[in-house]
Every structure is written in C-alpha cells, then in structure tokens.
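Step one of this worksheet: look at the structure below.
The values are calculated or read from the model by the stated rules, or taken from the named source; none is laboratory data. Being a predicted model, the structure only gives us computed values, none of them experimental. Neighbour counts run over all protein chains shown; Cβ positions are idealised from the backbone, glycine included. Ligands, DNA and RNA are excluded from the accessible area calculation, which covers all protein heavy atoms including side chains. Shrake-Rupley method; radii C 1.70, N 1.55, O 1.52, S 1.80 Å.
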Amino acid sequence: MLPYKLVFGKACHLPVELEHRAWWVLRQLNLDIEAAGVSRVMELHELDEFRYHAFESTTLYKERMKMMHDKNIIERSFKPGDRVLIYNSRLRLFPGKLKSRWSGPFHVVEIHPTGAVEIAVENDSRMFRVNGHD
C-alpha cells in the first residue's frame, strides 16, 4: 500500500498520469488531425451562416414592425394662427371623474423645423414650446 493511501484513504493520481491518459484519449478520438481541423472549420462556417440568417431575420422583423407602427401615425400639420388644445398626459396619474385632460384653447405662433410648436395663451402674451409630433 502507498503511503498516500494510508494517510488519506484514497489512491493518488499524479498529473503526469492524467496528462498521459488525456493524450491517449485524444489520439483515439481524433485519429486524423487534418480531418478534425477541416471539420472544425466547417462548423465555424456553419455558425457564421447561422448568425447571418438570424441577422437578416431580425432586420426583416424590425422593418415590418416599423411599417406597422408608421401606418398608425397621423400626420399633423399646424399653421401659425391655428387654435389648438393640449393633452395633459400627467392627469392619468391622478384621475378625476369629471376632470378634462385637455387644456386650452391656445393659438400657434411659430413652427420650428424640429417639430416643436410655439404656442401662446389667447388672452396672455406668455409663449411656450410644445412637441408638435405627439
């Protein structure tokens, strides 16, 4: 009996033994190193092809979703002098039974190229900007 087995109660496996056994298993499984290399390259090419098809699929999905979303967008065009109402979306957090979410009327003073609309209160000279897209 080995001293290691007497002290610890199990057999000792030296790293050299494991390395030799691992090399033997590799030799048994991969008899031809060249064929194993070619097979690995083919697997990598298949993986690239799979990624390409997944990318194409997601691109098509995004285009369809954008088309469906854009179909529901209503184009609003404002002109200076138009009378408008503003929708207060924050009132949804504190609902009142008969409280209106619309405030106004305001009149449009200026339209900016970015889509911002400058509006003013009818009886007051105060002006402020709002988003014209929403």
*Spin-label model distance (nm) - Ser125 vs Met65, 7 Å beyond Cα toward Cβ*: 5.0
*In what sequence, highest mean first, do 109-121, 48-60 appear when ranked by Cβ atoms within 10 angstrom?*
109-121, 48-60
*Where Lys10, Lys71 fall by accessible area, highest first, once all protein chains stay in place (1.4 Å)*: Lys71, Lys10
*Please give the net charge around Gly81, taking every other residue with its beta carbon less than 15 angstrom from that of Gly81, where Lys and Arg add +1 and Asp and Glu add -1.*
-2
